[in-house]
Structure formats: C-alpha cells, structure tokens
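Worksheet: the structure to be examined is printed underneath.
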Amino acid sequence: MLKSVEKINCIFTTILNLVYVNFLWWLFTLLGVGLFGAGPATYALVSILRQWMRGNTNIPIFSSYWKYYKESFKESMITSWIYVLIGYVLVIDLLYVNNWYLKVCLIIICFLFFLSAIFIYPLMAHYNWKGIFFRIKMSFIFGFSCLQYSLLLFVVIGATYWTAITFFPGILTFFGISFLFYVITWTANQVFTRIELQNTEEVEDKTIYPTLNGQ
C-alpha cells in the first residue's frame, strides 16, 4: 500500500515539476527577448531534465535553472541562431523549389537537419566539448549512428502531439515544451549510454587481444 502511495506521489511530483520547468522555459525565453533567450532557456531545461534522469531529483529547480541559463549563454544562443537560420532557409527552399529531384534532396537534408537539432542540446548538457560546429557535427553523428532511436523518437513525438492537439489542446500550455524535451533528453541519454558502452567494449578488446596474441 505504502509503495503504491509513493509511486503515485512520485508521478504527481514529476508532473508538477514538468509544469514548473515548462513555465521557467517561457519565463527565461521572454527574459532574453525570445531571440536571445530561447537557446539558453532550452539548454537549462535539458540540463535540469538530465539531472533528474541521473537520479538527482532533489536539486533546487529555480537556482539550478538560473545557473545553467548563465553557464552556456553565449554558445547556446549562437547555436539556436544557427539552427533557426538553417531551418528557415530549408523551409523557404521547400516552398519555392519546383524541381522534383531537388525537392527530394531537400527533404533528405531536412531529415538530417532534424537529427542534429534533436540531439544538440542534450549533447551540450552531457559532454563538455568545445566548439559549436564540432558539437553540431557530433549531434548529427549520434543521431544517425542510432537511427532506430531517432526514428522511434520522431514517431512518439508526432503521435503524442497529434493526440494532444486533436483531443487535449489545452494541455500543451502546461507541458508543450517540457514534455517534448523530456522525451528528447531521455532518448539522447539512451543513445549516449549505448555508444559509450560500445566504445568501452572496443577499448577492452584492444587491451585483451594483444595479450592473448602475445601468449
């Protein structure tokens, strides 16, 4: 009985926290006048979600959000500008290009662009790598190397938000941003963990097999 109560309490706490960080995302985005605040606010949101997924559920939310917001303000802001600019160019091209072959190529490029866009902020929160374009390249590599996770993520996000818009549009006011990045961050963590385990196994193989050959 007590375990059931604890689980229900945990679920409601998670829901309330998602509502809270969703509000903080809007607040800090507006604090940066949208154009300057959306990137840092997204980085802070993903960083908070990552902490929760790693078991750090008792961190002070507001002060931690503010810390992450300031921590990578410039890089996350410039990163958001790059993606918005590329996305804008791709949308304009799709609208005005009439050649069928070029349109197919653009659709493929858009898909690759979305792969990178989905993983960029979780990657920034997870790895302390330097260089914006290096991070962009690595976000694409991560997304493409575990394509099955990326495709499943697209399906889940599409189905969830189609259902919400069709039947419960008001719920997006409270969870529209936080739930989206919760799913993205969870998926990204699975991808990072899988690739890190693969790399660890490769290192172990390289240390074991030379020894065996030497015998």
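The values are calculated or read from the model by the stated rules, or taken from the named source; none is laboratory data. Remember, predicted model here, so these are calculated numbers, not experimental data. FYI the Cβ positions are ideal-geometry reconstructions off the backbone, even for glycines, and counts take in every protein chain you see. Just the protein is used for accessible areas: all its heavy atoms, side chains included, with ligands, DNA and RNA removed. Shrake-Rupley method; radii C 1.70, N 1.55, O 1.52, S 1.80 Å.
Here are some notes:
- Residue ID - modelled with the lowest pLDDT, chosen from residues in the range 122-167 that are among the polar types (S, T, N, Q) and open to solvent by 30 Å² or more (accessible area, probe 1.4 Å): S145
- The requirement of being of a type in the set (A, V, I, L, M, F, W, C) and farther than 19 Å from I184 by Cβ is satisfied by I109.
- Among residues of the range 38-49 that are closer than 18 Å to I82 by Cα and of a type in the set (S, T, Y), those with a beta-carbon under 6 Å from a residue that is open to solvent by 10 Å² or more (accessible area, probe 1.4 Å) and outside any helix (DSSP H, G or I) at least six positions away or on a different chain give the pairs Y43/S72.
- Scope the range 13-71; condition of a type in the set (G, A, S) and on the phi < 0 side of the Ramachandran plot; matching residues: G32, G37, A38, G39, A41, A44, S47, S63, S64
- Residues in the range 60-96 that are closer than 12 Å to A38 by Cα and without any contact (Cβ under 8 Å) to a residue 24 or more places away in the chain: K74, V84.
- Test: residue in the range 159-167 that is assigned to a helix (DSSP H, G or I), under 17 Å from the mean Cα position of the chain (by Cα) and within 27 Å of Y20 (Cα to Cα): yes
- Considering the range 90-113, and only residues there that are hydrophobic (A, V, I, L, M, F, W, C) and open to solvent by 90 Å² or more (accessible area, probe 1.4 Å), the residue that is farthest from the chain's Cα centre (by Cα) turns out to be W100.
- Within the option set L172, L180, being closer than 15 Å to Y121 by Cβ and in a helix (DSSP H, G or I) holds for one residue only, L180.
- Near pairs, Cβ below 8 angstrom, 6+ apart or cross-chain, from the range 174-185 (crowded, with 20+ Cβ neighbours inside 10 Å) to any residue that is of a type in the set (S, T, N, Q): I177/N22; S178/N22; F179/N22; F179/T160; F181/T42
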